[in-house]
Amino acid sequence: DQQVKQNSPSLSVQEGRISILNCDYTNSMFDYFLWYKKYPAEGPTFLISISSIKDKNEDGRFTVFLNKSAKHLSLHIVPSQPGDSAVYFCAAALTGANSKLTFGKGITLSVRP
Amino acid sequence: DARVTQTPRHKVTEMGQEVTMRCQPILGHNTVFWYRQTMMQGLELLAYFRNRAPLDDSGMPKDRFSAEMPDATLATLKIQPSEPRDSAVYFCASGLVRDGETSTDTQYFGPGTRLTVL
């Protein structure tokens, strides 16, 4: 049973536009959420995170929004660039639970020039 | 430039053979994770270690998989005997849990080992 769900396997956007990547989770105990980015033939790299005490965290072009009541988070990339084309994984954790991350299946983002 | 390294990067083997994958965590990191990526399941946690001691290997098929940390600079994941359904990319990641804390903030992934079992 997938506790972290990324229901859209792919997304294509025009360069300069906003990319919105969605993620849903089922375990209400999760209190820390992360996004990882993965290029082909490389390992995932940490992108941005958010604690459940916040509803928004921003880092440059990347913003993560958390809606705890809906058990939903989203990653916004503005403006999108061709170099953002990659697979994006959403992950969730219970802090204090020894760092165990539960990942979604990933979303493939393509940014068209 | 501190990185997690994994060897081999690619491995093709025949069903029934033993496979050993190696990982060198970032120097100073005290937590090591093994993940498997497949199209169907995405990234699954197989096992992880803190200060070389196994903390959780519930994601690992016990009958054929084993994970160890012979020392702080080496983690191994072994499959014996291998089966075609084990074909996947296996990632190692490391992190640091500081004194007084209970979890890492970030996990740093290696480039992965792509395993193909024929």
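List of remarks:
- Computed over neighbours whose Cβ is under 10 Å from that of B:ARG36, the net charge equals -2, Lys and Arg +1, Asp and Glu -1.
- Long-range tail of P(r) for the range B:24-86 (Cα pairs > 17 Å, %): 41
- Relative contact order for the range A:4-112: 38 percent, from Cα pairs under 8 Å spaced at least 6 residues apart, divided by residue count.
- Note on the protein assembly as shown: semi-axes of the ellipsoid equivalent to its C-alpha gyration tensor, largest first and rounded to whole Å, are 29, 21, 16.
- The modelled label-to-label distance for the pair B:SER58/A:ILE18, using points 7 Å beyond Cα in the direction of Cβ, is 3.8 nm.
- 10 Å Cβ neighbours from other chains, averaged over peptide B:87-95: 2
- In the full protein context, the protein assembly as shown carries 49 Å² of accessible surface per residue, based on a 1.4 Å probe and ignoring ligands, DNA and RNA.
- Shielding by other protein chains, A:102-109, mean Cβ within 10 Å: 3
- For chain B, relative contact order (Cα pairs under 8 Å, six or more residues apart, normalised by length) works out to 36 percent.
- Ordering A:18-31, B:84-97 by mean Cβ neighbour count within 10 Å, with the highest value first, yields B:84-97, A:18-31.
- Put a dot 7 Å past the Cα of A:GLN81, heading toward its Cβ, do the same for B:ARG9, and the two dots end up 2.5 nm apart.
- Once you reduce the range A:56-113 and the range B:12-56 to the center of their Cα atoms, the two points are 23 Å from each other.
- Of all accessible heavy-atom area on the protein assembly as shown, the percent that carbon and sulfur account for (1.4 Å): 49
- Taking each residue as 0.36 nm, the span from A:SER10 to A:HIS72 lengthens on full extension beyond its C-alpha to C-alpha distance by 20.5 nm.
- In Hz, Karplus ³J(HN,Hα) per residue of the range A:42-49 (6.51, -1.76, 1.60; θ = phi - 60°; x = Gly, Pro): 10, x, x, 10, 5, 10, 6, 9
- Take each peptide in B:50-61, A:43-54, B:27-38, count the other Cβ atoms within 10 Å of every residue, and average; sorted highest first, the result is B:27-38, A:43-54, B:50-61.
- Counting all C-alpha pairs of the range A:4-112, share separated by more than 22 Å (%): 25
- Accessible surface buried by the A/B pair amounts to about 1700 Å², both sides summed, 1.4 Å probe.
- Whole-Hz couplings from phi, Karplus 6.51/-1.76/1.60, listed for the range A:29-41; x for Gly and Pro: 7, 4, 9, 8, 10, 9, 10, 10, 10, 9, 8, x, 6
- Rg/Rh (Cα only; Kirkwood hydrodynamic radius) as it applies to the range B:54-118: 1.01
- Where a label projected 7 Å from the Cα of A:THR95 along Cα→Cβ would reach, residues of the range B:12-33 with amide N under 20 Å: B:30-31
- Each residue, B:GLU44 and B:THR76, gets one label point 7 Å from its Cα in the Cβ direction; the gap between the two is 2.4 nm.
The values are calculated or read from the model by the stated rules, or taken from the named source; none is laboratory data. Note that the structure is predicted; figures quoted are calculated from it, not measured. All Cβ positions, even for glycine, are placed from backbone atoms using ideal geometry, and neighbour counts span all protein chains on display. Remember, those area values only see protein heavy atoms, side chains included, never the ligands or the DNA or RNA. Shrake-Rupley method; radii C 1.70, N 1.55, O 1.52, S 1.80 Å.
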